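Read the structure below first, then the notes.
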Amino acid sequence: MSTPLSRVAAGVGAFFRFWYGFIVGDDWTVAVAVGAALLVTVALNQRGIIAWWVLPLTVVVATAASLRRTAAPRPGG
Amino acid sequence: MTGATATVFVTTFLGSAVEAIEMVAIVVGVGATRGWRSTWFGVGAGLAVLVAVVALFGLALGSVPIGPLRLVIGVLLLVFGLQWLRKGIKRVAARSLTGMGIAAATDSERWVGPGVDWTAFVLALKGVLLEGVEIAFIVVSIGLAAREMTAAIVGGASALVLIAAVGSAFAAMFNRIPRSVLQLVVGILLTTFGTFWSLEGLGVEWPSGDISILPLLAFYAVIALSYTRIERRRVVAG
């Protein structure tokens with residue numbers, strides 16, 4: 001029988017699991033790469049350097065690296 | 001109708017239509033991929049928050065910090081969109097373009113649980129809230145500047161209703177597209193909007209302003225198709 005405390009703990013756990021899955025998902029390196037790219041963009045932008053290209057380039061490279069790390073599923077799988 | 005009224009109507013209509021297209025693209029894409037029930041909950045919640053924000057700030061809506069809102073929602077859509085982009089690339093590559101007759105019920109992205117699908121809920125809420133606030137911004141700023149608030153409200157509302165109607169018509173077509181392809185398309189859309197809004201939120205200027213979203217979308221689409229071909233070759237070889 002679940003106590004109110006255990007229900008709250010389960011709810012908090014489910015809340016954090018949801019946001020971890022939403023933000024990080026199955027490959028934490030992509031989320032980290034996006035975060036790093038945003039920091040670089042801010043730094044370049046503050047110095048007056050054109051920086052809009054950093055994030056799209058990071059998306060392309062991080063996606064390629066993530067795809068290489070994980071094998072594609074079998075046909076029909 | 002005076003010339004000034006007509007100009008305000010057309011300007012708010014066109015400006016709001018661009019934002020409404022982004023809103024409807026997210027809602028239709030998420031609904032067709034994950035299921036409609038939780039997506040509609042998200043749309044309803046987004047509209048409720050939007051109404052509360054507009055009621056709270058009224059004509060002072062311009063004081064709402066849109067930059068941080070764009071940044072937070074943009075980053076969340078980007079990191080989630082990248083997950084769907086990778087899954088879509090892998091699934092389309094694995095099943096090939098000729099053998100993608102996948103029943104919706106067997107696709108793992110389709111929510112089949114009894115409760116609320118929070119992923120669909122959050123995605124729809126974010127899309128509706130951010131784009132809704134931007135439409136409200138356009139209406140209030142143009143309406144106040146031209147002292148033609150009624151024409152601005154009618155222009156913004158007309159655009160939203162028209163684009164929503166077009167989106168509803170296309171929703172049925174989306175339901176016939178294989179889920180893996182749909183996931184790839186929505187992944188490209190979320191990645192594009194997420195990238196664009198994240199940088200807008202940081203105050204970074206795009207080379208062509210708002211129009212830059214179109215070449216960005218084309219760029220990501222080309223990259224996604226290229227990666228799908230590479231993955232397909234890997235599947236066939238391996």
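Within segment B:202-226, the set of residues being more than 16 Å from the chain's Cα centre (by Cα) and farther than 15 Å from A:PRO56 by Cα comprises B:GLY203, B:SER208, B:GLY209, B:LEU225, B:SER226. Pairs meeting the criteria (first residue in segment B:110-129 and of a type outside the set (Phe, Trp, Tyr), second residue at pLDDT below 80, beta carbons under 6 Å, at least 6 apart or on different chains) are B:ARG110/B:ALA104; B:ASP117/B:TRP111. Within segment B:186-201, residues that are under 12 Å from A:PRO56 (Cβ atoms) reach partners that are outside any helix (DSSP H, G or I) with beta carbons closer than 9 Å, at six or more positions or on different chains, in the pairs B:PHE196/B:TRP206; B:SER198/B:VAL204; B:LEU199/A:ALA51; B:LEU199/A:TRP52; B:LEU199/B:GLU205; B:LEU199/B:TRP206. What is the number of the single condition among (1) surrounded by fewer than 22 Cβ atoms within 10 Å (Cβ to Cβ); (2) at pLDDT below 90; (3) among the polar types (S, T, N, Q) that B:SER158 does not meet? The failed condition is (2). Picking from residues in segment B:10-31 that are crowded, with 21+ Cβ neighbours inside 10 Å and among the polar types (S, T, N, Q), the one that is nearest to B:LEU160 (Cα to Cα) is B:SER16. Any idea which residue in segment B:111-131 is nearest to B:VAL24 (Cα to Cα), counting only those that are away from chain A (no Cβ under 14 Å) and out of contact with any Asp or Glu (no Cβ under 8 Å at 6 or more places or on another chain)? Among those that are away from chain A (no Cβ under 14 Å) and out of contact with any Asp or Glu (no Cβ under 8 Å at 6 or more places or on another chain), it is B:VAL128.
Please go through segment A:24-46 and give me each residue that is in a helix (DSSP H, G or I) and surrounded by fewer than 17 Cβ atoms within 10 Å (Cβ to Cβ), ordered by number.
Step one: of segment A:24-46, the residues in a helix (DSSP H, G or I) are A:28-46.
Correct list: A:TRP28, A:THR29, A:VAL32, A:GLY35, A:ALA36, A:LEU39, A:VAL40, A:VAL42, A:ALA43, A:LEU44, A:GLN46.
Applying the set (1) within 21 Å of B:ARG86 (Cβ to Cβ); (2) surrounded by fewer than 19 Cβ atoms within 10 Å (Cβ to Cβ) to B:SER212 leaves exactly one unmet item: (1).
Looking for whichever is in contact with an Asp or Glu (Cβ under 7 Å, 6 or more places away or on another chain) and more than 12 Å from B:ALA17 (Cα to Cα) here; the options are B:ARG147, B:ARG179. Which one fits? Show your work before the answer.
Working: B:ARG147 fails: in contact with an Asp or Glu (Cβ under 7 Å, 6 or more places away or on another chain).
Criteria check complete, one pass: B:ARG179.
Say whether the condition of being surrounded by 19 or more Cβ atoms within 10 Å (Cβ to Cβ) and under 13 Å from the mean Cα position of the chain (by Cα) is met by at least one residue in segment B:62-70. Talk me through it step by step, then tell me what you get.
If we filter segment B:62-70 for residues that are surrounded by 19 or more Cβ atoms within 10 Å (Cβ to Cβ), which is where we start, we get B:70.
Then drop every residue that is not under 13 Å from the mean Cα position of the chain (by Cα), which leaves B:70.
Taking every residue of segment B:62-70 in turn, at least one turns out to be surrounded by 19 or more Cβ atoms within 10 Å (Cβ to Cβ) and under 13 Å from the mean Cα position of the chain (by Cα).
The set of residues from segment B:119-160 being under 30 Å from A:PHE15 (Cα atoms) and aromatic (Phe, Trp, Tyr) comprises just one member, B:PHE121.
List the helices (runs of 4 or more DSSP H) inside segment B:141-238, counting only whole elements, that have at least 1 residues being within 14 Å of chain A (Cβ to nearest Cβ) and closer than 29 Å to A:ALA43 by Cβ. Can you show your working first?
Working: elements: B:149-174, B:179-201, B:213-237.
Helices (runs of 4 or more DSSP H) meeting the threshold: B:179-201, B:213-237.
Look at segment A:55-69: where a residue is more than 7 Å from every other protein chain (Cβ to nearest Cβ) and a partner is surrounded by 15 or more Cβ atoms within 10 Å (Cβ to Cβ), sitting 6+ places away or on another chain with Cβ atoms under 6 Å, you get A:THR58/A:ALA33; A:THR58/A:ALA37; A:ALA62/A:VAL30; A:ALA62/A:ALA33.
Screening B:TRP36 on (1) surrounded by fewer than 21 Cβ atoms within 10 Å (Cβ to Cβ); (2) touching a residue at least 24 places away in the same chain (Cβ under 8 Å) shows it passes everything except condition (2).
The values are calculated or read from the model by the stated rules, or taken from the named source; none is laboratory data. Quick caveat: nothing in here was measured; it's all calculated off a predicted structure. Note that each Cβ is placed from the backbone with ideal geometry, even for glycine, and that neighbours are counted across all protein chains shown.
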